[in-house]
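Enquirer: Have a look at this one.
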Amino acid sequence: MERTKCLALVGGGVLLGSLSTFVLLRLLQTQKRGVRPKCAENGTTELNGFEGRTVSGKKSDKVVSEDLLKDEIVSEHLSRNIQFFGFESQQKVSASYVVVVGLGGVGSHAASMLLRTGIGKLLLVDFDQMLAPQKLSALRSISYQSFRSHPDYVLDCIDNIDTKVALLAACVRRGLKVISATGAGARADPTRIRIADIRESTNDPLSRSVRHRLKKEYGIEGGITVVFSLEKPKIKLLPFKAPNGEEENPSDYQVVPGFRVRIIPVLGTIPAIFGQIMASYTLTNLAGLQVQTEPIVNFDVDHYHILHQRLIEHEETLHGTSMQVQVDVEEVMYITKELWHGRSAREQHVKDVGRGMWRSINELMLVRWDSTKPASISNLILLKFKEVDEHESRTLDDIKEKEPEFYSRVIAVLKRAENDFGL
(Lines give C-alpha, C1' and ligand atoms only; values in the text may rest on other atoms or scores of the structure.)
Protein backbone atom coordinates (compact mmCIF):
# COMPACT_ATOMS: atom_id res chain seq x y z
CA MET A 1 0.00 0.00 0.00
CA GLU A 2 2.78 2.39 0.99
CA ARG A 3 4.66 1.47 -2.18
CA THR A 4 1.59 2.29 -4.28
CA LYS A 5 1.23 5.69 -2.61
CA CYS A 6 4.91 6.40 -3.13
CA LEU A 7 4.73 5.52 -6.83
CA ALA A 8 1.60 7.64 -7.22
CA LEU A 9 3.28 10.65 -5.62
CA VAL A 10 6.42 10.25 -7.74
CA GLY A 11 4.36 9.82 -10.90
CA GLY A 12 2.26 12.87 -10.07
CA GLY A 13 5.37 14.91 -9.39
CA VAL A 14 6.96 13.90 -12.67
CA LEU A 15 3.80 14.74 -14.60
CA LEU A 16 3.41 18.10 -12.87
CA GLY A 17 7.08 18.93 -13.38
CA SER A 18 6.94 18.02 -17.06
CA LEU A 19 3.83 20.10 -17.57
CA SER A 20 5.32 23.08 -15.76
CA THR A 21 8.54 22.84 -17.77
CA PHE A 22 6.60 22.68 -21.04
CA VAL A 23 4.47 25.72 -20.13
CA LEU A 24 7.54 27.67 -19.00
CA LEU A 25 9.48 26.90 -22.18
CA ARG A 26 6.52 27.89 -24.34
CA LEU A 27 6.23 31.15 -22.40
CA LEU A 28 9.93 31.92 -22.78
CA GLN A 29 9.87 31.13 -26.49
CA THR A 30 6.84 33.37 -26.97
CA GLN A 31 8.51 36.24 -25.13
CA LYS A 32 11.76 35.72 -27.01
CA ARG A 33 10.42 35.40 -30.53
CA GLY A 34 6.95 36.79 -30.18
CA VAL A 35 5.48 34.46 -32.81
CA ARG A 36 1.80 35.23 -32.81
CA PRO A 37 -0.48 34.37 -35.66
CA LYS A 38 -3.29 36.89 -35.87
CA CYS A 39 -6.50 35.62 -37.43
CA ALA A 40 -8.98 38.24 -38.56
CA GLU A 41 -12.67 37.89 -39.31
CA ASN A 42 -12.10 39.02 -42.88
CA GLY A 43 -10.35 35.78 -43.87
CA THR A 44 -6.73 36.87 -43.32
CA THR A 45 -4.00 35.53 -41.08
CA GLU A 46 -0.91 37.58 -40.35
CA LEU A 47 2.35 36.00 -39.19
CA ASN A 48 4.98 38.31 -37.70
CA GLY A 49 8.53 37.47 -36.75
CA PHE A 50 8.78 39.47 -33.51
CA GLU A 51 6.26 40.81 -31.04
CA GLY A 52 5.93 44.55 -30.84
CA ARG A 53 7.66 45.24 -34.15
CA THR A 54 6.20 46.00 -37.53
CA VAL A 55 7.87 44.76 -40.69
CA SER A 56 6.36 47.16 -43.15
CA GLY A 57 8.88 49.97 -42.68
CA LYS A 58 12.41 49.69 -44.05
CA LYS A 59 14.12 50.42 -40.73
CA SER A 60 12.00 47.89 -38.85
CA ASP A 61 12.53 45.34 -41.62
CA LYS A 62 16.30 45.51 -41.11
CA VAL A 63 16.04 45.26 -37.33
CA VAL A 64 13.65 42.30 -37.52
CA SER A 65 15.80 40.57 -40.14
CA GLU A 66 19.03 40.97 -38.16
CA ASP A 67 17.44 39.94 -34.86
CA LEU A 68 15.72 36.98 -36.49
CA LEU A 69 18.96 35.58 -37.89
CA LYS A 70 20.82 36.20 -34.60
CA ASP A 71 18.37 33.91 -32.84
CA GLU A 72 20.21 30.61 -32.32
CA ILE A 73 17.23 28.38 -33.06
CA VAL A 74 16.13 30.35 -36.13
CA SER A 75 19.63 30.63 -37.58
CA GLU A 76 20.07 26.87 -37.19
CA HIS A 77 16.72 26.25 -38.88
CA LEU A 78 17.71 28.55 -41.77
CA SER A 79 21.35 27.39 -41.94
CA ARG A 80 20.99 25.74 -45.35
CA ASN A 81 19.19 28.77 -46.75
CA ILE A 82 22.01 30.98 -45.49
CA GLN A 83 24.56 28.64 -47.08
CA PHE A 84 22.65 28.76 -50.37
CA PHE A 85 21.79 32.48 -50.57
CA GLY A 86 24.49 33.98 -48.35
CA PHE A 87 23.81 35.85 -45.09
CA GLU A 88 23.00 39.23 -46.65
CA SER A 89 20.59 37.72 -49.18
CA GLN A 90 18.85 35.73 -46.45
CA GLN A 91 18.48 38.99 -44.55
CA LYS A 92 16.56 40.37 -47.52
CA VAL A 93 14.26 37.34 -47.42
CA SER A 94 13.74 37.67 -43.68
CA ALA A 95 12.93 41.38 -44.05
CA SER A 96 10.30 40.75 -46.73
CA TYR A 97 6.54 41.08 -46.60
CA VAL A 98 4.65 38.58 -48.77
CA VAL A 99 0.92 38.19 -49.37
CA VAL A 100 -0.55 34.81 -50.38
CA VAL A 101 -4.13 34.97 -51.64
CA GLY A 102 -5.93 31.63 -51.78
CA LEU A 103 -4.97 28.74 -49.49
CA GLY A 104 -6.12 25.73 -51.45
CA GLY A 105 -3.97 23.05 -53.06
CA VAL A 106 -1.55 25.64 -54.50
CA GLY A 107 -1.49 28.44 -51.92
CA SER A 108 -1.21 26.25 -48.84
CA HIS A 109 2.01 24.66 -50.10
CA ALA A 110 3.45 28.01 -51.20
CA ALA A 111 2.66 29.62 -47.84
CA SER A 112 4.11 26.70 -45.88
CA MET A 113 7.42 26.85 -47.74
CA LEU A 114 7.65 30.65 -47.48
CA LEU A 115 7.16 30.39 -43.72
CA ARG A 116 9.74 27.61 -43.41
CA THR A 117 12.33 29.67 -45.28
CA GLY A 118 12.15 32.68 -42.97
CA ILE A 119 9.86 35.25 -44.60
CA GLY A 120 9.62 38.12 -42.09
CA LYS A 121 5.93 38.85 -42.54
CA LEU A 122 3.37 36.67 -44.27
CA LEU A 123 -0.23 37.71 -44.86
CA LEU A 124 -2.58 34.85 -45.74
CA VAL A 125 -5.91 35.60 -47.40
CA ASP A 126 -8.60 33.01 -48.06
CA PHE A 127 -12.31 33.38 -48.70
CA ASP A 128 -13.59 29.86 -49.23
CA GLN A 129 -15.96 30.20 -46.28
CA MET A 130 -17.63 33.24 -47.85
CA LEU A 131 -20.39 33.30 -50.41
CA ALA A 132 -19.38 34.27 -53.93
CA PRO A 133 -20.72 37.90 -54.11
CA GLN A 134 -18.91 38.68 -50.87
CA LYS A 135 -15.58 37.44 -52.21
CA LEU A 136 -14.92 40.24 -54.65
CA SER A 137 -15.89 43.10 -52.34
CA ALA A 138 -14.00 41.52 -49.46
CA LEU A 139 -10.94 41.04 -51.64
CA ARG A 140 -11.00 44.65 -52.75
CA SER A 141 -11.16 45.75 -49.13
CA ILE A 142 -8.23 43.48 -48.18
CA SER A 143 -6.18 44.54 -51.36
CA TYR A 144 -6.49 48.21 -50.40
CA GLN A 145 -5.69 47.62 -46.70
CA SER A 146 -2.86 45.13 -47.25
CA PHE A 147 -1.26 46.95 -50.17
CA ARG A 148 -0.91 50.25 -48.31
CA SER A 149 2.28 48.87 -46.76
CA HIS A 150 3.43 47.77 -50.23
CA PRO A 151 4.19 44.03 -49.96
CA ASP A 152 7.39 42.85 -51.60
CA TYR A 153 5.55 40.05 -53.40
CA VAL A 154 1.99 38.86 -53.97
CA LEU A 155 1.15 35.23 -54.77
CA ASP A 156 -2.16 34.80 -56.58
CA CYS A 157 -3.41 31.27 -55.90
CA ILE A 158 -7.10 31.97 -56.61
CA ASP A 159 -9.15 29.74 -58.89
CA ASN A 160 -12.11 32.13 -59.27
CA ILE A 161 -11.75 34.24 -62.41
CA ASP A 162 -13.48 37.37 -61.08
CA THR A 163 -11.32 37.67 -57.98
CA LYS A 164 -8.17 36.58 -59.83
CA VAL A 165 -8.58 39.28 -62.49
CA ALA A 166 -9.37 41.93 -59.86
CA LEU A 167 -6.30 41.02 -57.78
CA LEU A 168 -3.91 40.95 -60.75
CA ALA A 169 -5.20 44.29 -62.05
CA ALA A 170 -4.77 45.82 -58.57
CA CYS A 171 -1.18 44.57 -58.41
CA VAL A 172 -0.33 45.95 -61.86
CA ARG A 173 -1.88 49.35 -61.06
CA ARG A 174 0.13 49.59 -57.83
CA GLY A 175 3.36 48.35 -59.35
CA LEU A 176 3.50 45.29 -57.09
CA LYS A 177 5.44 42.18 -57.98
CA VAL A 178 3.00 39.31 -58.47
CA ILE A 179 3.13 35.71 -59.59
CA SER A 180 -0.08 33.94 -60.53
CA ALA A 181 -1.04 30.26 -60.63
CA THR A 182 -3.13 29.18 -63.61
CA GLY A 183 -4.99 25.89 -63.96
CA ALA A 184 -3.40 22.92 -62.15
CA GLY A 185 -6.43 20.68 -62.47
CA ALA A 186 -6.85 17.73 -64.86
CA ARG A 187 -3.09 17.44 -65.41
CA ALA A 188 -0.58 14.77 -64.42
CA ASP A 189 2.85 15.61 -65.91
CA PRO A 190 5.04 17.71 -63.57
CA THR A 191 7.82 17.99 -66.16
CA ARG A 192 5.67 20.27 -68.32
CA ILE A 193 5.11 22.99 -65.71
CA ARG A 194 6.67 26.33 -66.71
CA ILE A 195 7.14 29.91 -65.51
CA ALA A 196 6.63 32.68 -68.08
CA ASP A 197 4.81 35.90 -68.88
CA ILE A 198 1.05 35.46 -69.12
CA ARG A 199 1.32 36.19 -72.87
CA GLU A 200 3.20 32.91 -73.31
CA SER A 201 0.88 30.63 -71.33
CA THR A 202 -0.76 28.10 -73.65
CA ASN A 203 -3.02 25.05 -73.37
CA ASP A 204 -4.68 26.53 -70.30
CA PRO A 205 -8.36 27.60 -70.39
CA LEU A 206 -8.11 29.54 -67.09
CA SER A 207 -5.10 31.54 -68.29
CA ARG A 208 -6.81 32.25 -71.61
CA SER A 209 -9.89 33.62 -69.83
CA VAL A 210 -7.80 35.73 -67.46
CA ARG A 211 -5.78 37.18 -70.37
CA HIS A 212 -8.98 38.09 -72.20
CA ARG A 213 -10.54 39.75 -69.15
CA LEU A 214 -7.39 41.67 -68.22
CA LYS A 215 -7.09 43.07 -71.74
CA LYS A 216 -10.78 43.83 -72.17
CA GLU A 217 -11.48 45.33 -68.74
CA TYR A 218 -8.13 46.85 -67.75
CA GLY A 219 -6.06 47.13 -70.93
CA ILE A 220 -3.42 44.82 -69.47
CA GLU A 221 -1.82 42.52 -72.05
CA GLY A 222 1.24 41.20 -70.23
CA GLY A 223 3.87 41.86 -67.62
CA ILE A 224 2.44 39.28 -65.20
CA THR A 225 4.47 36.19 -64.30
CA VAL A 226 2.44 32.98 -64.26
CA VAL A 227 3.01 29.33 -63.44
CA PHE A 228 1.26 27.08 -65.96
CA SER A 229 1.41 23.67 -67.57
CA LEU A 230 2.08 22.99 -71.24
CA GLU A 231 0.08 19.78 -70.82
CA LYS A 232 -3.42 19.78 -72.26
CA PRO A 233 -6.09 19.03 -69.63
CA LYS A 234 -6.74 15.29 -69.58
CA ILE A 235 -10.13 15.31 -67.88
CA LYS A 236 -13.16 17.57 -68.26
CA LEU A 237 -15.69 18.59 -65.64
CA LEU A 238 -17.59 15.57 -64.44
CA PRO A 239 -21.35 15.59 -65.14
CA PHE A 240 -23.36 17.04 -62.28
CA LYS A 241 -25.81 14.54 -60.91
CA ALA A 242 -28.65 15.13 -58.47
CA PRO A 243 -29.20 12.83 -55.45
CA ASN A 244 -31.47 10.67 -57.61
CA GLY A 245 -28.59 10.05 -60.05
CA GLU A 246 -29.99 12.06 -62.94
CA GLU A 247 -27.81 14.67 -64.65
CA GLU A 248 -28.87 18.24 -63.89
CA ASN A 249 -27.77 21.87 -64.39
CA PRO A 250 -25.20 22.82 -61.68
CA SER A 251 -26.41 26.43 -61.63
CA ASP A 252 -29.76 25.24 -60.25
CA TYR A 253 -27.94 24.26 -57.06
CA GLN A 254 -25.93 27.44 -56.54
CA VAL A 255 -26.66 29.22 -53.28
CA VAL A 256 -25.91 32.47 -55.09
CA PRO A 257 -24.69 33.16 -58.66
CA GLY A 258 -21.06 32.18 -59.13
CA PHE A 259 -20.99 29.80 -56.14
CA ARG A 260 -18.99 26.68 -56.98
CA VAL A 261 -20.86 23.41 -56.81
CA ARG A 262 -18.33 21.22 -58.67
CA ILE A 263 -14.67 21.41 -59.63
CA ILE A 264 -12.30 19.95 -62.21
CA PRO A 265 -10.80 16.63 -61.05
CA VAL A 266 -7.32 17.23 -59.61
CA LEU A 267 -4.27 15.04 -59.02
CA GLY A 268 -3.17 16.49 -55.69
CA THR A 269 0.56 16.44 -56.41
CA ILE A 270 0.30 18.90 -59.32
CA PRO A 271 -1.12 21.92 -57.43
CA ALA A 272 1.38 21.19 -54.65
CA ILE A 273 4.22 21.44 -57.20
CA PHE A 274 2.69 24.68 -58.55
CA GLY A 275 2.82 26.10 -55.00
CA GLN A 276 6.43 25.01 -54.44
CA ILE A 277 7.47 26.55 -57.77
CA MET A 278 5.79 29.85 -56.84
CA ALA A 279 7.54 29.88 -53.46
CA SER A 280 10.92 29.11 -55.05
CA TYR A 281 10.51 31.84 -57.68
CA THR A 282 9.46 34.37 -55.03
CA LEU A 283 12.32 33.50 -52.66
CA THR A 284 15.03 33.72 -55.33
CA ASN A 285 13.68 37.09 -56.46
CA LEU A 286 13.56 38.44 -52.91
CA ALA A 287 17.10 37.20 -52.26
CA GLY A 288 18.36 38.84 -55.45
CA LEU A 289 19.43 35.53 -56.99
CA GLN A 290 19.21 35.61 -60.79
CA VAL A 291 17.53 32.49 -62.17
CA GLN A 292 17.05 32.01 -65.90
CA THR A 293 13.70 30.28 -66.42
CA GLU A 294 13.37 27.93 -69.38
CA PRO A 295 12.00 29.86 -72.39
CA ILE A 296 8.74 28.72 -73.95
CA VAL A 297 9.95 27.82 -77.44
CA ASN A 298 7.87 25.35 -79.43
CA PHE A 299 10.46 24.37 -82.04
CA ASP A 300 11.54 20.81 -82.72
CA VAL A 301 14.93 19.48 -83.81
CA ASP A 302 14.10 19.91 -87.51
CA HIS A 303 13.59 23.63 -86.98
CA TYR A 304 17.07 24.02 -85.52
CA HIS A 305 18.54 22.10 -88.46
CA ILE A 306 16.76 24.55 -90.78
CA LEU A 307 18.21 27.56 -88.94
CA HIS A 308 21.68 26.03 -89.04
CA GLN A 309 21.44 25.39 -92.78
CA ARG A 310 20.18 28.92 -93.42
CA LEU A 311 23.16 30.32 -91.56
CA ILE A 312 25.58 28.26 -93.68
CA GLU A 313 23.87 29.28 -96.93
CA HIS A 314 23.79 32.95 -95.92
CA GLU A 315 27.51 32.89 -95.04
CA GLU A 316 28.34 31.32 -98.40
CA THR A 317 26.26 33.93 -100.24
CA LEU A 318 27.67 36.86 -98.31
CA HIS A 319 31.29 35.81 -97.81
CA GLY A 320 31.78 33.10 -100.42
CA THR A 321 32.50 30.47 -97.73
CA SER A 322 30.99 29.01 -94.57
CA MET A 323 34.36 28.41 -92.92
CA GLN A 324 33.63 31.12 -90.34
CA VAL A 325 30.53 29.29 -89.04
CA GLN A 326 31.66 28.03 -85.62
CA VAL A 327 28.40 26.55 -84.31
CA ASP A 328 26.67 23.20 -84.70
CA VAL A 329 22.96 22.34 -84.46
CA GLU A 330 23.08 21.88 -80.69
CA GLU A 331 24.61 25.34 -80.26
CA VAL A 332 22.04 26.80 -82.67
CA MET A 333 19.40 25.36 -80.35
CA TYR A 334 21.01 27.13 -77.37
CA ILE A 335 21.27 30.45 -79.25
CA THR A 336 17.70 30.30 -80.53
CA LYS A 337 16.02 29.03 -77.39
CA GLU A 338 18.07 30.25 -74.44
CA LEU A 339 19.37 33.56 -75.75
CA TRP A 340 16.65 34.84 -78.10
CA HIS A 341 13.63 32.84 -76.91
CA GLY A 342 12.63 31.89 -80.43
CA ARG A 343 12.01 35.44 -81.62
CA SER A 344 13.82 38.32 -83.30
CA ALA A 345 16.38 40.15 -81.21
CA ARG A 346 14.39 43.30 -82.00
CA GLU A 347 11.25 41.96 -80.32
CA GLN A 348 11.22 42.61 -76.59
CA HIS A 349 7.78 41.09 -76.05
CA VAL A 350 6.19 37.84 -77.10
CA LYS A 351 3.96 38.04 -80.17
CA ASP A 352 3.76 34.42 -81.34
CA VAL A 353 3.04 31.45 -79.10
CA GLY A 354 1.96 27.91 -79.80
CA ARG A 355 1.33 27.35 -83.51
CA GLY A 356 2.14 30.99 -84.20
CA MET A 357 5.70 30.37 -83.06
CA TRP A 358 5.99 27.40 -85.41
CA ARG A 359 4.96 29.64 -88.30
CA SER A 360 7.46 32.32 -87.26
CA ILE A 361 10.39 29.99 -87.98
CA ASN A 362 9.70 30.58 -91.67
CA GLU A 363 10.84 34.19 -91.38
CA LEU A 364 13.78 33.90 -88.95
CA MET A 365 17.51 33.41 -89.49
CA LEU A 366 20.79 33.71 -87.60
CA VAL A 367 23.27 36.42 -88.64
CA ARG A 368 26.46 37.89 -87.24
CA TRP A 369 26.13 40.75 -84.77
CA ASP A 370 29.63 42.03 -85.53
CA SER A 371 30.46 41.40 -89.18
CA THR A 372 34.20 41.52 -88.47
CA LYS A 373 34.05 38.50 -86.14
CA PRO A 374 33.25 34.83 -86.92
CA ALA A 375 29.72 33.40 -86.69
CA SER A 376 30.31 32.06 -83.19
CA ILE A 377 27.99 31.33 -80.29
CA SER A 378 28.66 34.78 -78.79
CA ASN A 379 28.29 36.69 -82.08
CA LEU A 380 24.99 35.48 -83.56
CA ILE A 381 21.59 37.13 -83.28
CA LEU A 382 18.18 35.99 -84.48
CA LEU A 383 16.44 38.35 -86.91
CA LYS A 384 13.56 38.31 -89.35
CA PHE A 385 14.41 38.17 -93.04
CA LYS A 386 13.24 41.74 -93.55
CA GLU A 387 15.53 42.97 -90.73
CA VAL A 388 18.72 41.28 -91.98
CA ASP A 389 19.62 43.60 -94.87
CA GLU A 390 19.25 46.72 -92.73
CA HIS A 391 21.33 45.22 -89.93
CA GLU A 392 24.16 44.17 -92.24
CA SER A 393 24.24 47.57 -93.93
CA ARG A 394 24.92 49.37 -90.63
CA THR A 395 27.93 49.56 -88.35
CA LEU A 396 27.78 48.73 -84.65
CA ASP A 397 28.82 52.31 -83.85
CA ASP A 398 25.78 53.55 -85.77
CA ILE A 399 23.47 51.18 -83.87
CA LYS A 400 25.05 52.16 -80.55
CA GLU A 401 24.55 55.86 -81.29
CA LYS A 402 21.00 55.71 -82.67
CA GLU A 403 19.60 52.74 -80.71
CA PRO A 404 21.50 52.60 -77.41
CA GLU A 405 18.83 50.56 -75.63
CA PHE A 406 18.76 47.87 -78.33
CA TYR A 407 22.56 47.85 -78.50
CA SER A 408 22.91 47.40 -74.72
CA ARG A 409 20.30 44.65 -74.66
CA VAL A 410 22.04 42.63 -77.37
CA ILE A 411 25.46 43.07 -75.75
CA ALA A 412 24.04 41.82 -72.44
CA VAL A 413 22.58 38.71 -74.11
CA LEU A 414 25.81 37.89 -75.97
CA LYS A 415 27.75 38.45 -72.75
CA ARG A 416 25.61 35.76 -71.15
CA ALA A 417 26.68 33.34 -73.91
CA GLU A 418 30.32 34.12 -73.14
CA ASN A 419 29.76 33.45 -69.45
CA ASP A 420 27.79 30.23 -70.06
CA PHE A 421 30.53 28.80 -72.27
CA GLY A 422 33.50 30.31 -70.44
CA LEU A 423 34.64 32.31 -73.47
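Enquirer: Going down the table (K177/K234; K232/K386; K70/K121; K70/K177; K337/K386; K164/K337), which pairs top 27 Å between alpha carbons? Walk me through the intermediate numbers first.
Expert: Values: K177/K234 32 Å; K232/K386 35 Å; K70/K121 17 Å; K70/K177 29 Å; K337/K386 21 Å; K164/K337 31 Å.
Violating the 27 Å limit, Cα to Cα: K177/K234; K232/K386; K70/K177; K164/K337.
Enquirer: In the full protein assembly as shown, how much of K70 is accessible to a 1.4 Å probe, in Å² to the nearest 10?
Expert: Near enough 150 Å² of accessible area.
Enquirer: Right, next: If DNA, RNA and ligands are ignored and the probe is 1.4 Å, what is the ranking of M278, M113, M323 by accessible area, most exposed first?
Expert: Values: M278 0, M113 55, M323 150 Å².
The ranking, largest first, comes out as M323, M113, M278.
Enquirer: Could you work out how much longer the chain between D398 and I73 gets when fully extended? Use 0.36 nm per residue separation minus the Cα distance between them, nm to one decimal. Working shown, then result.
Expert: Values: separation 325, 0.36 × 325 = 117.00 nm, distance 5.90 nm.
Computed gain between D398 and I73 is 111.1 nm.
Enquirer: Which order do E217, E387 take by accessible area at a 1.4 Å probe, largest first? Could the numbers behind the result be given before it?
Expert: Working: E217 90, E387 35 Å².
Correct descending sequence by accessible area is E217, E387.
Enquirer: What accessible area, in Å² to the nearest ten, does a 1.4 Å probe give for D398?
Expert: 40 Å²
Enquirer: Separate question: Which order, highest average first, do 399-405, 186-192 follow once you tally other Cβ atoms within 10 Å for each residue and take the mean per peptide? Intermediate values should be presented prior to the final figure.
Expert: Numbers: 399-405: 11.4, 186-192: 15.0.
Going by the mean number of other Cβ atoms within 10 Å, highest first, we get 186-192, 399-405.
Enquirer: Place the peptides 412-422, 328-338 in order of packing, highest mean first, counting for every residue the other Cβ atoms within 10 Å and averaging per peptide.
Expert: Details: 412-422: 13.5, 328-338: 17.4.
Listed from highest to lowest mean packing, they are 328-338, 412-422.
Enquirer: A further question on this structure: How do the peptides 91-98, 71-78, 280-287 rank, highest first, by the average count of neighbouring beta carbon atoms within 10 Å per residue? Intermediate values should be presented prior to the final figure.
Expert: Values: 91-98: 24.8, 71-78: 13.6, 280-287: 20.9.
Highest-to-lowest ranking by the protection proxy: 91-98, 280-287, 71-78.
Enquirer: In addition: What FRET efficiency, computed as 1/(1 + (r/R0)^6) with R0 = 22 Å and r the Cβ-Cβ distance, is obtained for D420 and E390, rounded to the nearest 0.05? Walk me through the numbers before you get to the answer.
Expert: Details: r = 29 Å, r/R0 = 1.30.
Efficiency computed from Cβ-Cβ geometry: 0.15.
The values are calculated or read from the model by the stated rules, or taken from the named source; none is laboratory data. From a predicted model like this one, the values you see are computed outputs, not experimental measurements. Ideal geometry is used to build each Cβ from the backbone, glycine not excepted, and the neighbour counts take in all protein chains shown. Areas reflect the complete protein model, heavy atoms only, side chains present, ligands, DNA and RNA absent. Shrake-Rupley method; radii C 1.70, N 1.55, O 1.52, S 1.80 Å.
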